[in-house]
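Data block below; observations after.
The numbers here are math on the coordinates, done by the rules we state, and not lab data. In this text, all values refer to a predicted model and were calculated from it rather than measured experimentally. Neighbour counts are summed over all protein chains in view; Cβ atoms, including those assigned to glycine, are modelled from backbone coordinates with ideal geometry.
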Amino acid sequence: MRNRLVVYPDLTLAVPPRYCGTIDYYAAIASFGQSMVVSDARFDKRQKDVHRTVIADVNGALRLTVPVAKPESASQARWSDIKVSDHGNWADVHRTALESAYGRTPYFEYYAPRFLPLLVADNQPVVELDSSIDAEIRRILMLPPPVSESIGGRVADYLAEEARFSYAPVPYYQVRAGRLGFIPHLSVLDLIFNMGPESVLVLQQMIKQSHG
């Protein structure tokens, strides 16, 4: 299945770390031969998606943010230096939000044990939290793990070309679509909990629709 998703087999996609990244983010990763997660990029507080995601709860789109500790020197800090804070019991809040949002979806009971234990406020670097969740997502979507070196030095930059990776939504089953309508561009967890193994087919449709 993975080979049917790849559009650029000889290119490496350099991506920023993401907290429970969007469906578009993983469609982009799937379309390249391999990917590198650039965790040591300079800290930029405007890049909220490193520690924020959006899911769909009973009222519609819900933003979940992991609080991070303020670096001693923001101008010199890198994302790999930024630690998760335990402010506001965020881990409990996020676990409860996911259970409330997706407890009735077809695949939550199956996949939740792979994600919920990873949500811990233990002062770890935020990129390590992102990486642990990303690893599980890639296993479920049958995507290869990130690499540390590019294929022959040929690299595409996700941030520099982000508009290129904004895919037209492909509607899929969402447990509350009858009341809320289809909500696009959510965390890929929404896709996984609603569609399970068929999530890969949705990614394939997105890529095919975008690249022809």
Mind checking which of 172, 110, 158 has the largest fluctuation in a GNM of the chain, springs on alpha carbons under 10 Å?
110
Ranked by GNM mean-square fluctuation in the chain (Cα springs under 10 Å), the top entry among 33, 60, 181 is 181
Using a Förster distance of 35 Å, how high is the FRET efficiency between residue 123 and residue 159, based on the Cβ-Cβ distance and rounded to 0.05?
0.80
How far apart, in nm, are the 7 Å Cα→Cβ label points at residue 57 and residue 74?
2.7 nm
So what does the Cα-only Debye profile of region 2-211 read at q = 0.08, 0.10, 0.11, 0.12 Å⁻¹, as log10 I(q)/I(0), no solvent term?
-0.26, -0.42, -0.51, -0.61
Relative contact order computed over region 26-165 (Cα-Cα under 8 Å; 6+ residues apart), in percent
28 percent
Taking the Cα centroid of region 59-114 and of region 136-190, what is the distance between the two, rounded to the nearest whole Å?
18 Å
Within region 122-138: backbone nitrogen closer than 16 Å to the residue 92 label point (7 Å, Cα to C-beta):
122
Under a Cβ-only charge scheme (Lys and Arg +1, Asp and Glu -1), can you give me the dipole magnitude of region 1-158 about the Cα centre, in debye to the nearest 20?
300 debye
Counting only residues 5 or more apart in sequence or on a different chain, those whose built amide H sits under 5 Å from that of residue 68 are 85
Given charges at Cβ of Lys, Arg, Asp, Glu: the chain dipole, positive-most of 87, 125, 193
193
